[in-house]
Amino acid sequence: MFSRRDASTTTNDRPSTPPQGDPHPPTPAPAAPQPVAQQATPRPVPPQPAPAAAHNADESLVAREDTFEGQLNTTRGVRILGTVRGTIESAQYVHIEEHAQVESDITAAEVVIAGTYTGTLIGRQRVEIRSTGHVSGKIETEKLQLHEGGFFDGQLHMQKPSGTPAGSAPSIASAAPAMGDGKDSGLTRRTRHVDLPSDTPLARDADSPKS
């Protein structure tokens, strides 16, 4: 059996319940605002120069840094980006690109000018002066195309299209209707009256009565 003292001792030996925490914990302080990183302002991109026309492997090329002086005869096309002085004859075309400087006499089927040209130019089929083209001299061609902004100062001689004989004029036989065949040629015939003096032999014969 346990005594009263023992019972109290047993009771006091029980672990005490720890005090309960605050049912309403303190609200944490708001975090300090972080600095916003400034976005870099995009720099303006400088305009890029227009790319040069693609080089055709089957053409003669004068590069932008090159200078050609002399005579060039070729069956291929010619593309000029640099400087040329002399004479060029091509069975196909000659293209003078922008910023090119050409002082030459040129003969080709087609000539397109976007740079600066001085000389005598013969384009058997057509000549085109683009908006950046500057031409001084003489041009002979069947067709001329001058873009707005293009410049031409000199002589222009327009040739007749191929197949048209030079100086051709309609002959009298082809222009006048056939006479005396008794058939309607489809053209309107006009009678022209001419007054003759009465004392002429032709007028006397016309006035005399027929037997």
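A short reminder: the numbers here are calculations on the coordinates, not readings from a lab. Since the structure is predicted, the reported quantities are computational estimates derived from the model, not experimental observations. Methodologically, a virtual Cβ is constructed for each residue, glycine included, from the backbone with ideal geometry; neighbour enumeration extends over all protein chains shown.
Okay, here's what the table says:
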read-out: Under 11 Å, Cβ to Cβ, from Lys138 - net charge with Lys/Arg +1 and Asp/Glu -1; value: -3
read-out: Built amide H within the under 5 Å cut-off of Phe68, gap 5+; value: Thr83, Val84, Arg85
read-out: Positive minus negative residues near Thr87 (Lys, Arg vs Asp, Glu; Cβ under 14 Å); value: -3
read-out: Size descriptor, Kirkwood hydrodynamic radius, that averages inverse alpha-carbon separations across the range 59-157, Å; value: 12.8 Å
read-out: Label zone at Gln159, where the point sits 7 Å out along the Cα-to-Cβ direction: the range 99-124 residues whose backbone N lies under 13 Å; value: 106-111, 121-124
read-out: Theoretical gain in end-to-end length, Lys138 to Asp66 [0.36 nm per residue, Cα-Cα removed]; value: 23.4 nm
read-out: Magnitude of the charge dipole, the range 53-121, Cβ model with Lys/Arg +1 and Asp/Glu -1, debye to 20; value: 20 debye
read-out: Dipole of the range 59-157, positive direction: furthest Cα of Leu81, Leu121, Val135, with charges on the beta-carbon; value: Leu121
read-out: Ranked list, fewest to most other Cβ atoms within 10 Å of each Cβ, for Glu65, Glu98; value: Glu65, Glu98
read-out: Integer Hz, Karplus 6.51/-1.76/1.60 couplings in order for the range 130-135, x for Gly and Pro; value: 7, 5, 9, x, 9, 10
